[in-house]
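The values are calculated or read from the model by the stated rules, or taken from the named source; none is laboratory data. Predicted model, so just to flag it, every value in this text is computed and none were measured. Every residue, glycine among them, receives a Cβ derived from its backbone with ideal geometry; neighbour counts consider all protein chains shown.
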Amino acid sequence: MDFDRRTLIAGSIAAAGLAARATAQTPPPQAAGAPPPGLPQPTETIDLWPKGPPATLKAPLTETVVERSTDALVTDRAVHAVTQPRLVVFRPDRPNGAAVMITPGGGYTRIVVDKEGYEIARWLTARGFTAFVLFYRLPGEGWSSGPDTALADAQRAVRLIRHRARDFAIDPERVAAMGFSAGGHLCADLSTRFVAKVYDPVDAADRLSARPHCAAPIYPVVSMDPAIAHGGSRSLLLGPAPTPQLEAAHSPDRTVPADAPPHFLVHAEDDDVVPAENTVRLRAALKARGIPVETHLFADGGHGFGLRRAIGKPVEAWPDLWRAWARTVGLG
């Protein structure tokens, strides 16, 4: 797809007129009380489904944000019961033409707002990437779409980013995915099942591909094999007694297609929540298919290190390693 400097400039100019339109969208998840000073909070969002999600609920939900931090200067918010899935937009001052969609973790019980969402987005925008944090529906909260609930949101999100590429001064071919923990499972599910028909098309955006340019599942939940699965994620995704066929269908290491995108994998071997074997199995499956994959296994890091908990450890290098790798696959 042709994409030149004039397109970027035109997109930047068009972006100036987007603010008013964005205010009509559902606002970002918000906790009670004022956020800490110093870090601007995002205001621009994109609702995924103009007429509501393509599924029904067993019982009504009320979106709830919980502040888990006891430090008044450091937020650690988490949200659950999302009924209006949406992208929260972070724009760089000087866009490099590439976008990254972030799927934070939370064990499919909640979605982490700051540690694996906004903090990652700010790091990316400081380096020219346009970042989109996805607040997806949780499959264990009673949606009729079951284990494909979050994947439907992720596919739709990538297509919408591409559909509105000019608004954000990005190349629609350079839309990457990055996810953490259970959000890493969603990232890997998207990067292996991007053609799976998990919802009916609703508009022109759905004619576009949901395949990310490249994918970075970070300390991801991958396998639904009880021997190495994260038990909570497995139960919320598949229910209490899934069949072997259901386990296989939702284990990205067992669904890698021949045209999967390049992958960047990171895990700490002392992770006591999601065993590193999840990443090892995904790497083996990608290699078996001939898919380019770069893997970094760190001895020390635990689980959920993101940016803030990686400081002072060798695993602190992972974002710069990702950025160097991203250049090699043409992301920027």
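Among the residues in segment 246-256, are any under 27 Å from Pro319 (Cα atoms), touching a Phe, Trp or Tyr at 6+ places or on another chain (Cβ under 9 Å) and either β-branched (Val, Ile, Thr) or not in a strand (DSSP E or B) (or both)? The answer is no, given that none of the residues of segment 246-256 is under 27 Å from Pro319 (Cα atoms), touching a Phe, Trp or Tyr at 6+ places or on another chain (Cβ under 9 Å) and either β-branched (Val, Ile, Thr) or not in a strand (DSSP E or B) (or both).
Check Asp225, Asp259, Asp206 and return the single one that is at pLDDT 95 or above, acidic (Asp, Glu), assigned to a loop (DSSP other than H, G, I, E, B) and over 16 Å from Lys287 (Cα atoms). Reasoning before the result, please.
On the way: Asp259 fails: over 16 Å from Lys287 (Cα atoms); Asp206 fails: assigned to a loop (DSSP other than H, G, I, E, B).
Criteria check complete, one pass: Asp225.
Do we find that Gly179 is surrounded by fewer than 24 Cβ atoms within 10 Å (Cβ to Cβ) and touching a strand residue (DSSP E or B) at 6+ places or on another chain (Cβ under 6 Å) in this structure? Walk me through it before giving the result.
Details: surrounded by fewer than 24 Cβ atoms within 10 Å (Cβ to Cβ): no; touching a strand residue (DSSP E or B) at 6+ places or on another chain (Cβ under 6 Å): yes.
No: the conditions fail for Gly179.
Within segment 42-60, the set of residues being in contact (Cβ under 8 Å) with a residue 40 or more places away in the chain and either within 21 Å of the chain's Cα centre (by Cα) or surrounded by 13 or more Cβ atoms within 10 Å (Cβ to Cβ) (or both) comprises Pro42, Glu44, Thr45, Ile46, Leu48, Trp49, Pro50, Pro53, Pro54, Ala55, Leu57. Going residue by residue through segment 167-175, is there one that turns out to be within 14 Å of Gly105 (Cβ to Cβ) and either in contact (Cβ under 8 Å) with a residue 12 or more places away in the chain or more than 11 Å from the chain's Cα centre (by Cα) (or both)? No, the conditions are met nowhere in segment 167-175.
The set of residues from segment 253-263 being crowded, with 24+ Cβ neighbours inside 10 Å and under 16 Å from the mean Cα position of the chain (by Cα) comprises just one member, His263.
Taking segment 319-330 as the range and being under 29 Å from Arg110 (Cβ atoms), in contact (Cβ under 8 Å) with a residue 12 or more places away in the chain and either out of contact with any helix residue (DSSP H, G or I) (no Cβ under 7 Å at 6 or more places or on another chain) or among the polar types (S, T, N, Q) (or both) as the test, the residues that pass are Leu321, Trp322, Arg323, Ala326.
Report yes if Gly232 is buried (at least 24 other Cβ atoms within 10 Å of the Cβ) and outside any loop (DSSP other than H, G, I, E, B), otherwise no.
Working: buried (at least 24 other Cβ atoms within 10 Å of the Cβ): no; outside any loop (DSSP other than H, G, I, E, B): yes.
So Gly232 does not fit the description; no.
Note down all Cβ pairs under 8 Å where the first residue falls in segment 104-118 and is touching a residue at least 40 places away in the same chain (Cβ under 8 Å), the second is in a loop (DSSP other than H, G, I, E, B) and aromatic (Phe, Trp, Tyr), and they're at least six residues apart or on different chains. Pairs that qualify, where the first residue is touching a residue at least 40 places away in the same chain (Cβ under 8 Å) and the partner is in a loop (DSSP other than H, G, I, E, B) and aromatic (Phe, Trp, Tyr), are Ile111/Tyr136.
A quick yes/no check of all residues on (1) of a type outside the set (D, E, K, R); (2) buried (at least 17 other Cβ atoms within 10 Å of the Cβ); (3) farther than 26 Å from Asp153 by Cα; (4) modelled with pLDDT of 95 or more:
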position: Ala10; (1), (2), (3), (4): yes, no, yes, no
position: Ala16; (1), (2), (3), (4): yes, no, yes, no
position: Ala19; (1), (2), (3), (4): yes, no, no, no
position: Pro35; (1), (2), (3), (4): yes, no, yes, no
position: Thr62; (1), (2), (3), (4): yes, no, no, yes
position: Leu73; (1), (2), (3), (4): yes, no, yes, no
position: Val82; (1), (2), (3), (4): yes, yes, no, yes
position: Pro92; (1), (2), (3), (4): yes, yes, no, yes
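The residues listed here are Ala72, Ala31; of these, the one that is more than 13 Å from the chain's Cα centre (by Cα), assigned to a loop (DSSP other than H, G, I, E, B), within 20 Å of Gly304 (Cβ to Cβ) and not hydroxyl-bearing (Ser, Thr, Tyr) is Ala31.
Evaluate the following for Gly97: is it on the phi > 0 side of the Ramachandran plot and either surrounded by fewer than 24 Cβ atoms within 10 Å (Cβ to Cβ) or not in a loop (DSSP other than H, G, I, E, B) (or both)? Yes, satisfied.
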